[in-house]
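Below is one structure; the comments refer to it alone.
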Amino acid sequence: MTKFTVLPLSVLLLLLFLSTESLAKSDESDENDVVAPSCCGFSSPLLIKKDQWKPIFTTKLGHISTVQIGDGCGGMGPYKIHSITLEPNTLLLPLLLHSDMVFFVDSGSGILNWVDEEATSSQIKRGDVYRLRPGSVFYLQSKPVDIYLGTKLRLYAIFSNTEECLHDPCFGAYSSITDLLFGFDETILQSAFGVPEEIIGLLRNRTNPPLIVPDMSTPNEVNANMWQLQPRLLKFFAGDVSAGSEAKTFNVFESEPDFESLNGRTITINRKDLKVLKGSMVGVSMVNLTQGSMMGPHWNPWACEISIVLKGSGMVRVLRNSISRSSNSECKNSRFNVEEGDIFAVPRLHPMAQMSFINDSLIFVGFTTSLKNNEPQFLAGKSSALRSLDREVLAASLNVSSVMIDGLLGAQKEAVVRVGEA
């Protein structure tokens, strides 16, 4: 993300609300209420509240929950978002991925093991970003309690399909290895593995374990490297894993931000930052707004943005731009409050602004969905789209003098995040 300059607050608010200044207050919808899809308005709700997460699996050792959200304009979505939480010293048993998976680690630490073309593992911790491809088999271990990283390993993942993928609606984002193995009859399994019929019978007659179980490591191991689960699980899928590699993730807290000031911090992760994202249609960004701050008005030229609120609360404003909106009452701008656990979406090419409340910060991680690199375009700043327009044309567009335009653009300071109001 390029660093940009933001207008003083009074001018910023003028530009932000200029297109709706003459409209009645009723022309603005509150996304905290249920909004019916329409052909002119957003095709799906932009906000999903934290109590709308649906549990997939719940136990005292951890839980998995999911939501499904569209991009607001009937694009390549809907997208599945999963929250996976493991208590310390637990194991998420192997899963077969049906979709592309990009994830962000919100808290805790652990070890991610997977088989793609070869067996690979990676130490993961709070702030890490990584991607697994469809067809990968993976399992996840949480480490003991860490007072710095958090007691639980929690990650948020988005699942998407590439354009050539034929998506079966009966297929979830992944399936368990138990389902994979025992979906076949005993004759096929016996022939495939080359073992006696009795072995297959014993396996099939055992009680299926839950998805999350206590870690199989013993607590008295001296060598820290032996803490990891023995690679016998991966041997089943990849043969000899002694030559397996270790992958490197991208950590948002250990990397140079795109912008940082007393008002907040932003960072964007794309294919240039994390090679494994090449070929994926998902990028990742993280925004941290301190109390009473604002991410300046901007839009994504190529991507829908789906964000999860990690901490705090604030307000999001999304504009529904159309030259015909004044003749259709359904073409309304959207404004809604967000808090920890909420998910909100902003469609491609829709101007937006995010603000934290004066008594709370706002931290959210965003997944951008596009096959092209997306560079957000800010309304204000040295690289603002307004600066590339002819001064006289811009003045005519805003119905002001060119002198006022010169003063407007000349007053901008270097900032992406600044003091705001919400």
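No value in this document is a laboratory result; all are computed from the given coordinates. Treat the numbers as computed from the prediction; the structure is a model and nothing was measured. Every residue, glycine among them, receives a Cβ derived from its backbone with ideal geometry; neighbour counts consider all protein chains shown.
Calculated FRET efficiency, S402 to E186, Cβ-Cβ distance, R0 = 60 Å: about 0.15 to the nearest 0.05. Evaluate E = 1/(1 + (r/R0)^6) for A411 and S175, where r is the Cβ-Cβ distance and R0 equals 51 Å; express this FRET efficiency to the nearest 0.05. My answer for the efficiency is 0.35. With neighbours defined as other Cβ atoms within 10 Å of a residue's Cβ, the residues K152, K50 order from fewest to most as K50, K152. Cross-link pairs exceeding 29 Å between alpha carbons, from the set K125/K382; K54/K152; K272/K332; K54/K372; K54/K125: K125/K382; K272/K332; K54/K372.
Shape call for region 255-376 from the C-alpha gyration tensor, a ≥ b ≥ c root eigenvalues: rounded (a/c under 1.5), prolate (a/b greater than b/c) or oblate? Oblate is the answer for region 255-376, as a/c is 1.5 or above yet b/c matches or exceeds a/b.
When the Cα positions of S280, S255, I306 are compared along the charge dipole of region 255-376, S280 comes out farthest toward the positive end, with charges on each C-beta of Lys, Arg, Asp and Glu.
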